[in-house]
Amino acid sequence: MISSVLPTYNRAPLAFVKGAGSWLETADGTRYLDLGAGIAVNALGHAAPVLVEALTEQAHKVWHVSNLYQIPEQQKLADALVEKTFADTVFFTNSGTEACELAVKMARKYWYEKGAPERVEIITFRGAFHGRSSAAIAAAGSEKMVKGFGPVLPGFVHVDWLDLEAVKAAVSEKTCAIMLEPVQGEGGIRPAPDAFLTALKQISDETGTLLIFDEVQCGMGRTGRLFAHEWSGVTPDIMMVAKGIGGGFPLGAVLATEAAAAGMTAGTHGSTYGGNPLGCAVGAKVMEIVAEPEFLAAVNAKGGFLRQRLEGLVAAHPEIFEEVRGVGLMLGLKCRLAPGELVAAGYAERLLTVAAADNVLRILPALTITEEEMAEAVSRLDAAATALETHLA
């Protein structure tokens, strides 16, 4: 008999009743150190007091009015994002998947309005993850994502990750945009080198092709900059944001230049819940904290500390680990066995991690994690690896 919750997840036999910072607790009081942060969502940790306060304060005022009216909290967050980024305008969604849908529509509408309706193709990269909607799975293109869900939405051209020559060959008179994650998350914590992003920007400039960055997982301070593309100095035309922007409250956004968004006039897109007062009140507080230079500097320092400890872990367990990948507090351990085995071994050590493709174990802690907690986390990873070595022997 099917469960009342649709069984599309292989859920761990764990349920948490409360959390604080980098810790989660089950009903019997067992505490787990969380290196997943809800898959890079809880940027300020679990039940961050400043976010509880922001949410509670707004909850006593108004929850939902719809986008038929002005929403002051939405305007405040949009203004903050425009001030701190390349963007001139913002549309709020509830998720990264919804952000992907709008980014695709916006790029195609841009060319339609310019009198080139044939320019509908978007070049994407293998190993990508842009969400679970029809457009998002078509953009990723992997068999795992699209099998059984045909016909697959047309208009996407897939090339190998970091294959610049393939990108050049794929650009045609039908191309409207190039879309990628500056750091692939689900694909195995694979950062795009600065030189690669620079080359893509050059192609974009030369052909008029729009550049779309998916910073759903790598954005909002995760890499030590407010957004990962800032490391390269390359700016996109359109950017998708979600996960960390709400600090745990469902919230997403599409940021764009005025030119890229020119086709999105009244009636061309909408969302009933997107940009609601509750989500934007929380998002504005997250933005206020995460965008501070001191906060980002601390993320960089923590990333360096954690990476050094993880490098030591790799050296200590060469039969288990191969290398450390990533930037800031978006790190991955390339494993020599299925990462799910490490995840399971971590449960025994009261440690939470997240598996990814390419045999990678993702390390995505709250950006507020302390050095003491990171040291403890690596100690627990060490114990998990030792247990697996004993099992392998």
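Grab the beta carbon distance between I2 and D358, set R0 = 35 Å, and tell me the FRET efficiency rounded to 0.05.
0.60
Filter the GluC sites (Glu not before Pro) in region 195-255 to those in DSSP coil with at most 16 other Cβ atoms within 10 Å of their Cβ, and list the result.
In loop regions of region 195-255 (DSSP not H, G, I, E or B), there are no sparsely surrounded GluC sites (Glu not before Pro).
What's the FRET efficiency of K168 with Y112 using the Cβ-Cβ distance as r and R₀ = 35 Å, to the nearest 0.05?
0.90
Tell me the GluC sites (Glu not before Pro) within region 305-345 that lie in a loop according to DSSP and have at most 16 other beta-carbon atoms within 10 Å.
E319
List the trypsin sites (Lys or Arg not before Pro) within region 73-167 that DSSP assigns to loop and that have no more than 11 neighbouring Cβ atoms inside 10 Å.
K147
Could you compute the longest span of the chain free of chymotrypsin sites (Phe, Trp or Tyr not before Pro) located in DSSP loops and having at most 15 other Cβ atoms within 10 Å, not counting the site residues?
150-393
Identify the residues of region 195-222 with backbone N under 16 Å of a label point that sits 7 angstrom from the Cα of A298 along the Cα-to-Cβ direction, or state none.
Within reach of a label on A298: 221-222.
Distance between the C-alpha centers of region 310-338 and region 53-96? Whole Å please.
Region 310-338 and region 53-96 have Cα centres separated by 38 Å.
Where does the charge balance sit around F86 when Lys and Arg score +1, Asp and Glu -1, over other residues with C-beta under 10 Å from its C-beta?
For residues surrounding F86, the net value is -2.
Counting Lys +1, Arg +1, Asp -1, Glu -1, what net charge surrounds P318 among other residues with beta carbon under 11 Å of its beta carbon?
-3
Please work out the FRET efficiency for the pair T89 and D205, using the Cβ-Cβ distance as r and a Förster radius of 22 Å; give the result to the nearest 0.05.
Once the sixth-power term is evaluated, E becomes 0.55.
Under the 0.36 nm per residue contour assumption, what length would be gained going from the current alpha-carbon distance of T272 and T370 to full extension?
Here the answer is 31.4 nm.
Could you give the length gained by full extension between E143 and E323, i.e. 0.36 nm per residue of separation minus their alpha carbon distance, to one decimal place?
62.1 nm
Nearest 500 deg cm²/dmol is fine: what mean residue ellipticity at 222 nm does the chain get from its DSSP H runs of n ≥ 4 alone, each adding -39,500 (n - 2.57), divided by its residue count?
Computed mean residue ellipticity for the chain: -12000 deg cm²/dmol.
Beyond 31 Å, how much of the Cα-Cα pair distribution for the chain remains, as a whole percent?
38 percent
Enumerate the residues in region 359-385 having an amide nitrogen under 19 Å from the point lying 7 Å beyond the Cα of A315 toward its Cβ.
Only 375-383, 385 fall inside the zone, counting backbone N under 19 Å.
Bear in mind these aren't lab numbers, they're just calculated from the coordinates by the rules spelled out. As the structure is a computational prediction, the values presented were derived from the model and not from experiment. Quick reminder, even Gly has a Cβ in these numbers, built from the backbone with ideal geometry, and neighbours come from all protein chains shown.
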